[in-house]
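Inspection log for the structure reproduced underneath, given as structure tokens.
The values are calculated or read from the model by the stated rules, or taken from the named source; none is laboratory data. None of these values were measured; they are calculated from a predicted model. Positions of Cβ are generated from backbone atoms using ideal geometry, with glycine treated the same way; all protein chains shown enter the neighbour counts. Please note that ligands, DNA and RNA were not included when accessible areas were found on the heavy atoms of the full protein model with its side chains. Shrake-Rupley method; radii C 1.70, N 1.55, O 1.52, S 1.80 Å.
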Amino acid sequence: MKYTGIINRDISAMVARTGHFDRIVISDAGFPIPPGVPCIDLSMGPNLPKVIDVLRLLNLELPVEQFWFASEIKPSPEARASELLEIFPKAESIPLPHAEFKKLAYGAVGVIRTGDYHPYGNVMVASGVAY
């Protein structure tokens with residue numbers, strides 16, 4: 001058993017398998033998981049946990065080089081980028097239409113599904129390198 005960081009064994013293993021520029025989707029409760037992409041379902045109830053909670057923990061163990069999110073997010077894409085750059089200050093922020101986000105998810109190494117009910121709340125991260 002781990003003392004710190006992500007104690008979920010499946011997420012910990014996914015992070016350990018992730019190479020440079022591999023992508024992981026942290027999804028809201030309603031995101032359509034692409035066929036063939038492994039999914040770790042953390043949803044416990046409405047808004048439990050939230051995407052932002054998972055991202056904060058993921059940041060402890062995964063260097064993130066870029067992240068994508070839906071440009072349709074409310075209140076604005078600028079507000080979402082600001083919120084995410086607080087977690088990943090060195091990463092490149094890339095808003096894109098939700099339809100494009102869903103296409104990009106087909107190449108992800110995995111999806112971590114949350115119980116988040118925030119429309120268009122999904123975030124995809126690309127692994128950086130530790131050096």
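Listing for the model above:
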| quantity | calculated |
| --- | --- |
| Size descriptor, Kirkwood hydrodynamic radius, that averages inverse alpha-carbon separations across segment 35-131, Å | 13.8 |
| Of all DSSP beta bridges in the chain, antiparallel share, percent nearest 5 | 45 |
| Extension gain (nm, one decimal) between Y131 and V37, 0.36 nm per residue minus Cα-Cα | 31.0 nm |
| Relative packing of 15-27, 41-53, which averages over residues the other C-beta atoms within 10 Å, highest first | 15-27, 41-53 |
| Reachable aspartates and glutamates, given that their alpha-carbon falls under 20 Å from the alpha-carbon of K50 and they are not under 8 places away in the same chain | D10, D28, D41, E61, E72, E78, E83, E86, D116 |
| Accessible surface of the chain [probe 1.4 Å, protein heavy atoms]: carbon and sulfur percent | 57 |
| 222 nm mean residue ellipticity, helices alone, for the chain (DSSP H n ≥ 4; -39,500 (n - 2.57); rounded to 500) | -8000 deg cm²/dmol |
| Tensor-based shape of segment 1-58 (alpha-carbon gyration tensor, a/c under 1.5 rounded, otherwise prolate or oblate) | oblate |
